[in-house]
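Undergrad: I have a structure I would like to understand better, so I am pasting it below and will then ask my questions one at a time.
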Amino acid sequence: VSPPPRSPPPAPAYVRAELTVRSTVEPHEAPVSQLAGLVSKIVAIEGPVHIDEVSRRISAAFGKARTGQRIAEATARAVRHALDMDKDLRQSGSFLLTAQQESKPPVRDRSGETGNLIKAACLPPMEIAAAAAMIRAESGEMAQQELVVATARLLGFQRVGAELAQALEAALSNGGG
């Protein structure tokens, strides 16, 4: 009888960038260089991170509860500026990350998170692929469905709904699997 497959070590908890800006202006009125600096800091802590999450962190840094169109547009400008200024910053689709995060994507447990961070669209494909690789390294080859469930668990999801399963399968078939 073969021993049961070992599970990979638990992933560290997802850490949100909690930044505060002392400012009398609205986020979309702030200098693009200031916002670009925030983008770099947020990505250093949370990358790979969806650009919409970066907008939310910038809003929060300015004490705003919501992220409107103007803040999203200001974030997009700041991201372009940050990509020009910060040679360590990368963009992959809708995700921002550092060169280090690109070469060795972090795998994080989102079980303590709420909101958009646990939406399938906000899961970085490179993080999904890294999680699947950790599981394969511990357990060897397995059926795609088992791998999807194990990957979801490692990322902190107890249930695998259709949207999550689709995102995981897409990431695994696009080079992660």
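The values are calculated or read from the model by the stated rules, or taken from the named source; none is laboratory data. If you're wondering where the values come from, they're calculated on a predicted model, not measured in any experiment. In this analysis, Cβ positions are derived from the backbone assuming ideal geometry, glycine residues included, and neighbour counts consider all displayed protein chains. Side chains are part of the model used for accessible areas, which takes the heavy atoms of the whole protein and leaves out ligands, DNA and RNA. Shrake-Rupley method; radii C 1.70, N 1.55, O 1.52, S 1.80 Å.
Undergrad: If you go through the stretch 153-160 one residue at a time, do you hit one that is at negative phi, outside any loop (DSSP other than H, G, I, E, B) and modelled with pLDDT under 95? Spell out the reasoning first.
TA: Going residue by residue through the stretch 153-160, those that are at negative phi are 153-155, 157-160.
Subsequent filtering for residues that are outside any loop (DSSP other than H, G, I, E, B) retains 153-154.
Applying the additional criterion that residues be modelled with pLDDT under 95 yields none.
No: the stretch 153-160 contains no residue that is at negative phi, outside any loop (DSSP other than H, G, I, E, B) and modelled with pLDDT under 95.
Undergrad: So, in the stretch 161-177, of the ones that are open to solvent by 50 Å² or more (accessible area, probe 1.4 Å) and on the phi < 0 side of the Ramachandran plot, which residue ends up modelled with the lowest pLDDT?
TA: Filtering the stretch 161-177 for residues that are open to solvent by 50 Å² or more (accessible area, probe 1.4 Å) and on the phi < 0 side of the Ramachandran plot, the one modelled with the lowest pLDDT comes out as GLY177.
Undergrad: Does GLU113 satisfy the criteria of being in contact (Cβ under 8 Å) with a residue 24 or more places away in the chain, under 22 Å from ALA167 (Cβ atoms) and in a loop (DSSP other than H, G, I, E, B)?
TA: yes
Undergrad: Also: Could we say that ARG16 is surrounded by fewer than 21 Cβ atoms within 10 Å (Cβ to Cβ), basic (Lys, Arg) and within 29 Å of ILE128 (Cα to Cα) here? So that I can check it myself, show each step before the final result.
TA: Values: surrounded by fewer than 21 Cβ atoms within 10 Å (Cβ to Cβ): yes; basic (Lys, Arg): yes; within 29 Å of ILE128 (Cα to Cα): yes.
Yes: the conditions hold for ARG16.
Undergrad: Another question, if that's okay. Check PRO10, PRO31, PRO48 and return the single one that is farther than 18 Å from ALA129 by Cβ and in contact (Cβ under 8 Å) with a residue 40 or more places away in the chain.
TA: That would be PRO10, the only listed residue that is farther than 18 Å from ALA129 by Cβ and in contact (Cβ under 8 Å) with a residue 40 or more places away in the chain.
Undergrad: Are any residues in the stretch 140-177 closer than 17 Å to HIS50 by Cβ, touching a Ser or Thr at 6+ places or on another chain (Cβ under 9 Å) and among the small types (Gly, Ala, Ser), and if so, which ones? Can you show your working first?
TA: Keep residues of the stretch 140-177 that are closer than 17 Å to HIS50 by Cβ, which gives 155-157, 163-164, 166-168, 170-171, 174.
Filter once more, so that each one left must be touching a Ser or Thr at 6+ places or on another chain (Cβ under 9 Å): 155-157, 168, 171.
Within the stretch 140-177, GLY156, ALA171 meet the criteria.
Undergrad: Another one. Take the residues in the stretch 139-156 that are open to solvent by less than 20 Å² (accessible area, probe 1.4 Å) and touching a residue at least 40 places away in the same chain (Cβ under 8 Å), then tell me which one is nearest to PRO10 (Cα to Cα).
TA: Selected residue: LEU154.
Undergrad: What are the residues in the stretch 53-82 that are closer than 20 Å to LYS119 by Cα, small (Gly, Ala, Ser) and open to solvent by less than 20 Å² (accessible area, probe 1.4 Å), if any?
TA: Of everything in the stretch 53-82, those that are closer than 20 Å to LYS119 by Cα, small (Gly, Ala, Ser) and open to solvent by less than 20 Å² (accessible area, probe 1.4 Å) turn out to be SER55, SER59.
Undergrad: Sticking with this structure for a sec: Of a type in the set (Asp, Glu) and either open to solvent by 60 Å² or more (accessible area, probe 1.4 Å) or touching a strand residue (DSSP E or B) at 6+ places or on another chain (Cβ under 7 Å) (or both) - does that describe any residue in the stretch 26-44?
TA: yes
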